[in-house]
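Read the structure below first, then the notes.
The values are calculated or read from the model by the stated rules, or taken from the named source; none is laboratory data. Keep in mind it's a predicted model, so treat the numbers as computed, not measured. Neighbour counts are summed over all protein chains in view; Cβ atoms, including those assigned to glycine, are modelled from backbone coordinates with ideal geometry.
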Amino acid sequence: MRAMTESLTRQADSLTPEFIAEADELVSHYPVSKRSASLPLLHLWQNHFGFIDDSAMEWIAARLDLTPVNIIELVTFYPWFRREQAGKTIIRVCRTLACALAGSYEVKDKFCQAVGLNPDCEHHGFGHAPPTTADGKFSVEFVECLASCGSAPVALINDDLVENIKTSEIPSLVESYK
Amino acid sequence: MVSLLPTPHPKERRIIFGNISKPGYSPDIETYLAHGGYESLKKALGMKPNEIIDMVKAANLRGRGGAGFPAGAKWSFIKYDDGKPHYIVVNADESEPGTFKDRYILHQDPHQLIEGLAIAAFATNVHLSYIYIRCEFPKAAKIVWEAIKEAKAKGFLGKNILGTGFDLDIYVHQGAGAYICGEETSLLESLEGKRPYPRIKPPYFPAVLGLYMKPTIVNNVETICHVKHILAMGPEEYAKMGTPGDGGTRTMCVSGDVQRPGFYEIPCGGVTLGELINDVCGGLKPGRTLKAVIPGGSSAKVLRAGETFKMKVKGPDGQMVEKEVPLLDLVMDASTLQAAGTMVGSGGVMIMDDTRDMVWALNNLNQFYAHESCGQCTPCREGSLWMSKVTTRIIDEGARPDDAKNLKNIADNIAGRTVCAFGEACSWPTQSFLAKFPDEFEKRVK
């Protein structure tokens, strides 16, 4: 288990009735097998807390009549889930061919510079947060194809798809998320 | 959102994107109803389920997700009255590099998908369905979920749909950033809450042992959307738009080095590659010449400018004759591209001009596949990573004399030796780049 998740605060101790009601609503979407609600509950959790700690995996497993390893094996598989806090704004630059042809490597470097990150620091997944600024405001990472190749290069900034990115516009784009 | 021309190109025929391109069209149900929405569902509910399947068969609708399997045949594997629960899962995990059509349908015309899905469900005795949307489309998931609630409120979903006694619930399920979940059996494992390792076929054909081990149809977003149009225009009219065996329209997604990248809805077989590049997409950038084309998503084998292909084509007298067909004269349909040794796949056409380095392009794709291999099968887990390491090293340090041979050897030992088609998907780029551009690898040898 990673250091950040060994903190004494357990996310599961601060659940609100609203959160639990939302979780139960998601479980109700899977009348055949509660286990199907694993990903939806992990999304709900990460959207709420920013990352997934040990107590989260224990709580979700218990809610779905599973053992924690059934949840851990998902968190370690899917690149979307992380065990550490990421920046408030996450900039996910598409790395794959059409975007790369349109300059996505420069785009990623420029985003790193604009938020104050070392462009060489890499993100290797396995639950780690993407490289994040010291003030916790921004994370920048490469992701694989975002399915918008016709308007390359693109990035997903939080929930917003930004298309046809010009490197000259990146500083003002970053500014708009501060 | 960009990518759609305000007025259709003369080569286009907008069926799926017919409404989306109208000024003021929005994804809410009132707009959809004002544009004739849910009329096909009403019609379907008055038909016999097998009549609907026969219409889809007669329309020659092939899957638009990549494999190109005939949709009517897929549906007819489901035995209507076998007493088991059946499911339909819509594959909205669009993640094949080069493909970007479903994103726009989900965001801009979600009711088209829901209507098609309700018709498909009625035809195959399905009462519970999921739309699996990749989590990188967070807004699409919200829009589709809103649309489902709207449709339910109007009686198009839920219990006793339009008083016919037919019940259907649809839910949105979000992925979590893994390309492998676009593989249908992996998608089902993911939906069951498990690590999404693809299942081996046989025995785990979704139509037999699918979601929760029950008969299941997995269809791509665009495929399901076509269903309502087949009912609306009739299968003969629909099939006529395409070629024999490949009916209707197909959305071609064009990216890379052309003047006007974007997606274009074109009757199947309605353009040649040359027309698509030079006419529909406005040609290459000034002063550039064509170097390479990946015609059907990143897994499709690359084609080299200037290549010709021996294939049987219909002569002026209607007889089939063997002919040498130049690259730019290839018709963009399933059978022609197959005859050219590649595939129409998901319709993602990536164009590269003479400024591009083919080793660099292959390395980009190799890194993608190394990142996305699920790790279940050793040849793919190890091989995709090796291929990526070798091409990265060639770029960083120059090639060793036997690198090309080794790359080919690795790729040849993945394809055909894995549980799912990812093995082929990750080997075909390496195999085809080596076969088509050997000079680019040779000149890297130090």
Kindly indicate which of B:279, B:317 is touching a residue at least 12 places away in the same chain (Cβ under 8 Å) and either polar (S, T, N, Q) or farther than 30 Å from residue B:121 by Cα (or both). B:279
Has the range B:306-315 got at least one residue that is within 13 Å of chain A (Cβ to nearest Cβ) and at pLDDT 95 or above? no
Of all helices (runs of 4 or more DSSP H) fully inside the range B:1-58, the set with 2 or more residues that are within 14 Å of chain A (Cβ to nearest Cβ) is none
Picking from A:30, A:78, which residue would you name as being hydroxyl-bearing (Ser, Thr, Tyr), in a loop (DSSP other than H, G, I, E, B), within 11 Å of another protein chain (Cβ to nearest Cβ) and farther than 25 Å from residue A:144 by Cβ? A:30
If you scan the range A:130-141, which residues turn out to be touching a strand residue (DSSP E or B) at 6+ places or on another chain (Cβ under 9 Å) and surrounded by fewer than 21 Cβ atoms within 10 Å (Cβ to Cβ)? A:131, A:133, A:137
Can you tell me which residues in the range B:216-230 are crowded, with 24+ Cβ neighbours inside 10 Å and more than 16 Å from residue B:93 (Cα to Cα)? B:216, B:226, B:227, B:228, B:230
Answer from B:5, B:45 - the residue that is surrounded by fewer than 21 Cβ atoms within 10 Å (Cβ to Cβ) and under 19 Å from residue B:249 (Cβ atoms): B:5
What is the residue count in the range B:330-379 for residues that are small (Gly, Ala, Ser) and under 15 Å from residue A:99 (Cα atoms)? 2
Scanning the range A:90-128 for residues that are among the aliphatic types (A, V, I, L, M) and within 14 Å of another protein chain (Cβ to nearest Cβ), the one surrounded by the most Cβ atoms within 10 Å (Cβ to Cβ) turns out to be A:98
Filtering the range B:286-296 down to residues that are within 13 Å of chain A (Cβ to nearest Cβ) and touching an Asp or Glu at 6+ places or on another chain (Cβ under 6 Å), which residue is nearest to residue B:426 (Cα to Cα)? B:291
Restricting attention to the range A:105-121, the residues that are of a type in the set (Asp, Glu) and part of a helix (DSSP H, G or I) number exactly 2
Take residue B:126 and decide whether it is not in a helix (DSSP H, G or I) and not polar (S, T, N, Q). yes
For the range A:137-178, give me every one of the strands (runs of 3 or more DSSP E) that falls completely inside it and has 1 or more residues that are out of contact with any Lys or Arg (no Cβ under 9 Å at 6 or more places or on another chain) and at pLDDT 95 or above. A:160-162
Do you know which residues across the range B:89-110 are closer than 13 Å to residue B:206 by Cα and away from chain A (no Cβ under 14 Å)? B:90
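Okay, residues lined up against (1) β-branched (Val, Ile, Thr); (2) without any contact (Cβ under 8 Å) to a residue 12 or more places away in the chain:
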residue	(1), (2)
A:136	no, no
A:151	no, no
A:154	yes, no
A:159	no, yes
A:165	yes, no
A:168	no, yes
Go through the range B:139-169 and count every residue that is within 12 Å of chain A (Cβ to nearest Cβ), part of a helix (DSSP H, G or I) and of a type in the set (D, E, K, R). 2
Hits in the range B:111-132 (condition: away from chain A (no Cβ under 11 Å) and either closer than 27 Å to residue A:96 by Cα or charged (D, E, K, R) (or both)): B:115, B:131
What about residue A:131, is it in contact with a Leu (Cβ under 7 Å, 6 or more places away or on another chain) and more than 14 Å from every other protein chain (Cβ to nearest Cβ)? yes
Among the residues of the range B:191-210, write down those that are under 22 Å from residue B:124 (Cβ atoms) and at the interface with chain A (Cβ under 8 Å from one of its Cβ atoms). B:191, B:192
Could you list, in sequence order, the residues of the range B:78-98 that are under 21 Å from the mean Cα position of the chain (by Cα) and either surrounded by fewer than 22 Cβ atoms within 10 Å (Cβ to Cβ) or not in a loop (DSSP other than H, G, I, E, B) (or both)? B:87, B:88, B:89, B:90, B:91, B:92
Take the conditions closer than 30 Å to residue B:351 by Cβ and assigned by TED's automatic domain parsing to the domain that holds residue A:159 and apply them to residue A:117. Does it pass? no
